[in-house]
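We did not get these values from a lab; they are worked out from the coordinates using the rules stated. What you see is a predicted model; the values in this text were computed from it and never measured. Cβ placement follows ideal geometry from the backbone for every residue including glycine, while neighbour counts extend to all protein chains displayed.
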């Protein structure tokens, strides 16, 4: 069983995910909302006008519009309508059982939270850089192709036993299949790499990894494949 050194290099909170909403998204949403000739708007005004157009609606209707834009291919109209009402009080990016949709729920709530000056739940994510040093280049190779599972197992060892990850996924963290791992680590970007180390930039919900801010440099192991 290989022993890795895990070093947290940075940690910060995010109220919105990088590149989540682009001008093309605001333009498309304005078009969906039947805004008159949105293509004529200066690019710098698209975000503000999109938020204003949303606040012309009741909150549930605005939520339904945003969810329709983001998830029409994933959910039925009935599901979207039901979720739109839940969004006003529930943190869908934490509580909804469809974990693969959590980033989209986060992005939808973030846009609505901003537009409605806090009427929706406050979304918060975390971003941190972590350096993983392996005993050998071969041991580092397990993080090459699909790093989410081994990386999450290493990160979890920097949390207390009472952390949510341990309470909900103790068996998966111990070994075997861990299908939920890529839905917990929303964005995973490899950076600086040497023969036996690699730095990852990670974005997730504070629901899962808020307490990683307390992690110091530590040693962690991975189960044998």
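Compute the relative contact order of the chain as a whole-number percentage, counting only Cα pairs closer than 8 Å that sit 6 or more residues apart in sequence.
Computed over the chain, the figure is 30 percent.
Per 0.36 nm of contour for each residue apart, how much would the distance between residue 57 and residue 168 grow if the chain were fully extended, relative to their Cα-Cα spacing?
Value of the extension gain: 36.2 nm.
Hey, what did the stretch 1-102 get for relative contact order, percent, Cα under 8 Å, at least 6 apart?
Normalised by residue count, the contact order of the stretch 1-102 is 18 percent.
If we restrict to alpha carbons, what Rg and Dmax does the stretch 80-139 come to, in Å?
Considering the stretch 80-139 through its Cα atoms, Rg and Dmax are 16.7, 52 Å.
So for the pair residue 218, residue 160, with labels modelled 7 Å out along Cα→Cβ, what separation do we get in nm?
Label at residue 218, label at residue 160, 1.1 nm between them.
Which distance in nm do the two modelled labels at residue 86 and residue 1 give, with both placed 7 Å along the Cα-to-Cβ direction?
A separation of 3.7 nm, rounded to one decimal place.
Please list log₁₀ I(q)/I(0) at q = 0.14, 0.23 Å⁻¹ for the stretch 23-115, using the Debye equation with identical point scatterers on the alpha-carbon positions.
Log10 I(q)/I(0), no solvent term: -0.47, -1.16.
Would you calculate the separation in nanometres between label points at residue 23 and residue 193, each defined as 7 Å from the Cα along the Cα-to-beta-carbon direction?
The modelled label-to-label distance comes out at 3.4 nm.
Only Cα pairs under 8 Å and at least 6 apart count here; give the relative contact order of the stretch 153-225 as a rounded whole percent.
Reported relative contact order: 36 percent.
So if the hydrodynamic radius of the stretch 98-225 is defined as the Kirkwood radius over C-alpha pairs, what does Stokes-Einstein give as its diffusion coefficient at 20 °C and 1.002 mPa s, in µm² per second?
D, rounded to a whole number, is 136 µm²/s.
Which Rg and Dmax, in Å, describe the Cα atoms of the chain?
19.9, 63
Assuming R0 = 25 Å, can you tell me the calculated FRET efficiency for the pair residue 45 and residue 95, based on Cβ-Cβ distance, to the nearest 0.05?
It comes to 0.15.
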